[in-house]
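Written below as structure tokens is the structure these notes are about.
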Amino acid sequence: MTDTIFAPATAPGRAALAVVRISGPGTGDLLTALADGRPAPRRASLRRLRDIGGALIDEALVLWFPGPASYTGEDCAELHLHGGQAVVEAAIGALSHLGARLAEPGEFTRRAFQNGRLDLAQAEAVADLVDAETAAQARQALDQLGGGLSRRYEAWRELLVESLAGLEAAVDFPDEDLPEDVAARARPHLRALLDELEAALADADRGRRVREGFRIALIGAPNAGKSSLLNALAGRDAAIVTATPGTTRDVIEIPLVLAGYKALLADTAGVRDTVEVIEAEGVRRARAWAEDADLRLWIVDASASDGHWREAAGMARPNDLLVLNKSDLTPGTDAAAARAVGIEALAVSATSDADIAGLRRWLEERVAAALSGAEFPAATRLRHAESLKEAAERVARALAQPEPELAAEDVRLAARALERISGRLDPEAVLDRVFASFCIGK
């Protein structure tokens, strides 16, 4: 990391201010050349910035963060410029002419990780916080950035190390004056840890759904009113609504915020048998999206015959909702009849603000029940869950091993699986995978 890097830290476009970040061993010299010297550490200083030819670039606030007490652990600086594109481009051009280079995506945070300012789980939380769209996503990312997730993994790793010490003592010092049950003492700790790991795995999907969004599918026959309900819940005309069956041919996803959580509401093609090629593909996609959804709303035309809702009720999964749409029309299906066959039902009209508000409240209660918890989950990404699964499998194998030598090896591998989450032992390829999703300037 001998290069000095820079990048805009604010989005492009017209704005009052723009921030350019700098990090690396040459940061101090860059400030001397651009701003006629380094300001006092961690204090904003108003400076005139000039290019290598002496032309004025801007009058800006300059901040100097000498390492290691900086975000990256290196010498860092920030230029708080006026937000005009010409000003930003002039500052970037001057930095480039002075020998700095444009940072790669995530390079600032990667340097923070490599310099020990953050572990890998905290570095991922930085990206999650930048991408946060809801209060719940921000809370989860802040908890992870503050080390909550890392402390949990470290406590498990310490328990494994303690158990490993007893097992290895029995193997390496059999002739010493050690308690006869020194290896057996590790087993209660390992059993308790296995219970915690399995509970964390069972809860792992919750963190992903907070990050990516709770997936809700609207599914049903053509002309049941799925698109009308989507538009009503979204508060805008997101999907085309016509009287022609089969108007919706593809999956239309709309992001919503429900009870402070991100949700993805999907309008899908009407499910029916068809020989029309495009509509058949739409039906296939509708079924696939609904199969992977966290919640399915079966939309039926309540003004039609009983066969419509009975067919939908037969295909519903536990916890799905049967939405009896067009309930304002006659003859109308009684929601109590649907509930009598064991599926939760709600009668609504897409044209009634009160009914839509009631449906939204129902969805908020369901999303909050699925995603809230006493504490944040132990896994917020797929790689966390993969390492948790490996650690649990190794601990289970260690408990099944009669020989302490073999049990010790499995415990050691379980500890290494947990260490990969914090980045203690991660190979370069895993780091590339993690930081590739970052934005420039972070």
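Legend: ranking of residues R296, R285 from fewest to most surrounding C-beta atoms inside 10 Å; resulting order R285, R296. Using a ≥ b ≥ c from the Cα gyration tensor of segment 40-81 (square roots of the eigenvalues), is it rounded, prolate or oblate, where a/c under 1.5 gives rounded and otherwise the larger of a/b and b/c decides, a/b for prolate? Judged from the Cα gyration tensor, segment 40-81 comes out prolate (a/c at least 1.5, a/b above b/c). With neighbour counts taken as other beta-carbon atoms within 10 Å, the residues H384, H82, H97 rank, fewest first, as H97, H82, H384.
When the Cα atoms of segment 5-103 are aligned to their principal axes, the ranges along those axes come out at 33, 28, 24 Å in descending order. With both labels modelled 7 Å from their Cα along Cα-to-Cβ, the L129 to A16 distance reads 2.3 nm. Remark: the R208-L61 segment gains 49.0 nm on full extension, using 0.36 nm per residue and subtracting the alpha carbon distance. Note on segment 70-148 and segment 33-64: Cα centroid distance 21 Å, given to the nearest whole angstrom.
Where both residues lie in segment 5-103, what percent of DSSP beta bridges are antiparallel, nearest 5? The antiparallel fraction comes to roughly 90 percent. Distant-in-sequence amide contacts of L258, defined by a placed amide H-H separation under 5 Å and a gap of 5 or more residues or a different chain, comprise A263. Simple spin-label estimate for R50 and T351 gives 7.3 nm between the two label positions (7 Å along the Cα-to-Cβ direction from each Cα).
Remark: K226, K262, K389 ranked as K389, K262, K226, counting other beta-carbon atoms within 10 Å and listing the fewest first.
Read-outs throughout are calculated quantities, based only on the coordinates presented, and are distinct from any laboratory measurement. In this text the structure is predicted, and so the values were computed from the model without any measurement. Heads up, the Cβs are rebuilt from the backbone with ideal geometry, glycines too, and the neighbour counts pull from every protein chain shown.
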